[in-house]
1. If you count only protein heavy atoms with a 1.4 Å probe, what accessible area per residue comes out for the chain, rounded to a whole Å²?
2. Which order do peptides 268-274, 113-119 fall in by mean Cβ count within 10 Å, highest first?
3. Can you tell me the length gained on complete extension of the stretch Arg256 to Ser225, counting 0.36 nm per residue apart and subtracting the Cα distance?
4. For a paramagnetic label modelled at 7 Å from the Cα of Lys161 toward its Cβ, which residues of the stretch 246-263 fall within the zone defined by backbone nitrogen distances under 19 Å?
5. Counting helices only, and only those DSSP H runs with n ≥ 4, report the 222 nm mean residue ellipticity of the chain as the sum of -39,500 (n - 2.57) divided by its residues, in deg cm²/dmol to the nearest 500.
6. Name the shape class, rounded, prolate or oblate, that the alpha-carbon gyration tensor gives for the stretch 152-195, where a ≥ b ≥ c are the square roots of its eigenvalues, rounded holds for a/c under 1.5, and otherwise prolate holds if a/b is larger than b/c and oblate otherwise.
7. According to the square roots a ≥ b ≥ c of the eigenvalues of the Cα gyration tensor, what is the shape class of the stretch 199-292, taking rounded for a/c under 1.5, prolate for a/b larger than b/c otherwise, and oblate for the remainder?
8. Which label marks the calculated value of Rg and Dmax of the Cα atoms in Å, given the options [x] 22.1, 66; [y] 18.8, 57; [z] 21.7, 72?
Amino acid sequence: MTQPKLLDQYRERLRIKHYSLRTEQAYLHWVRRFIYFHSKRHPAGLGGPEVERFLSHLATEGRVSASTQNQALAALLFLYREVLGKELPWLDGVVRAKRPARVPVVLSENEVRALLAQLDGKRWLVAALLYATGMRLLEGLRLRVKDVDFERREITVRDGKGGRDRRTMLPERLIEPLRSHLARVKVLHERDLAEGFGDVYLPFALSRKYPRAGRSWAWQYVFPSGSRSNDPLDGTVRRHHLDEKVVQRAVLEAARKAGLAKPVSPHVLRHSFATHLLESGYDIRTVQELLGHKDVSTTMVYTHVLNKGGRGVKSPFD
């Protein structure tokens with residue numbers, strides 16, 4: 001039997017480990033870059049000096065950021081440990097680039113209002129939800145209908161950064177806009193079903209365990225794409241969630257129209273959510289849980305105001 005090609009083995013191992021499609025694409029890119037950098041030599045014949053030379057090239061010639069260099073290193077570590085099965089001593093000795101400490105861009109409450117005033121429709125709803133809940137952009141776009149609980153006024157964020165689930169608030173002011181939006185989405189889903197489609201991607205091979213779940217209303221995306229497309233993993237025609245670039249471009253254009261001089265992206269709304277909660281007197285541990293940070297030291301970057309207590313968190317959107 002013919003041995004699968006190295007990149008095919010690499011892709012298969014990533015999927016067995018449940019890495020996201022975005023991570024898979026990024027890691028494959030760096031392995032290809034590494035192989036081409038060393039004149040298409042097989043990685044099994046390369047070692048520590050070659051890895052260090054490649055990473056140095058990225059920093060000096062490519063002028064990549066520290067986070068990009070670390071991503072390339074992570075891709076190569078996965079290659080040697082998980083695919084080639086080599087526990088080489090130099091792997092732990094490779095120096096990771098240190099990310100410089102940056103103060104996050106934060107909008108004032110007036111600036112947030114000015115930004116949102118330049119948006120409408122589902123773009124407004126996505127941006128408002130990011131600020132109102134502190135979700136990351138992809139967490140918001142990957143939100144499923146079943147994870148929005150109108151009765152308990154809460155949203156469950158599934159498989160967030162680090163694979164952790166968490167809960168955050170659903171603000172009162174977004175309940176009716178969200179209900180109206182979901183009513184339109186349900187009509188779209190019913191039309192897909194009538195046309196023989198309506199299936200949605202399910203994580204962790206749940207589609208094999210629950211074959212009909214992918215067509216159920218509960219599993220549909222809250223923010224579906226405007227068109228159906230082929231799933232890159234298995235080729236099935238599905239309606240994916242809204243492309244993050246749509247929201248990124250909309251927020252950038254809204255910031256320009258609002259006359260904001262700060263560099264604004266959807267992630268800035270998450271920074272603003274955390275900062276405004278702390279300024280309102282909520283304690284840092286509560287904010288840590290709402291943001292889904294594993295370590296409180298990550299949340300410490302937002303500590304403009306600390307230790308003022310606070311019970312029963314209310315969204316800054318309200």
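The values are calculated or read from the model by the stated rules, or taken from the named source; none is laboratory data. Just so it is clear, the structure is predicted and the values come from calculations on it, not from any experiment. When we count neighbours, we look across all protein chains shown, and the Cβ atoms used for this are built from the backbone with ideal geometry, even at glycine. The accessibility values were calculated without ligands, DNA or RNA, using every heavy atom of the protein model including side chains. Shrake-Rupley method; radii C 1.70, N 1.55, O 1.52, S 1.80 Å.
1. Here the per-residue accessible area is 56 Å².
2. Answer by packing, highest mean first, reads 268-274, 113-119.
3. So the chain would gain 8.7 nm between Arg256 and Ser225.
4. Those under the cut-off are 248, 263.
5. When only DSSP H runs of four or more count, the value is -14500 deg cm²/dmol.
6. Cα axes put the stretch 152-195 in the oblate bin.
7. Working: a/c = 3.64, a/b = 1.61, b/c = 2.26.
Here the stretch 199-292 falls in the oblate category.
8. Among [x] 22.1, 66; [y] 18.8, 57; [z] 21.7, 72, the one derived from this structure is [x].
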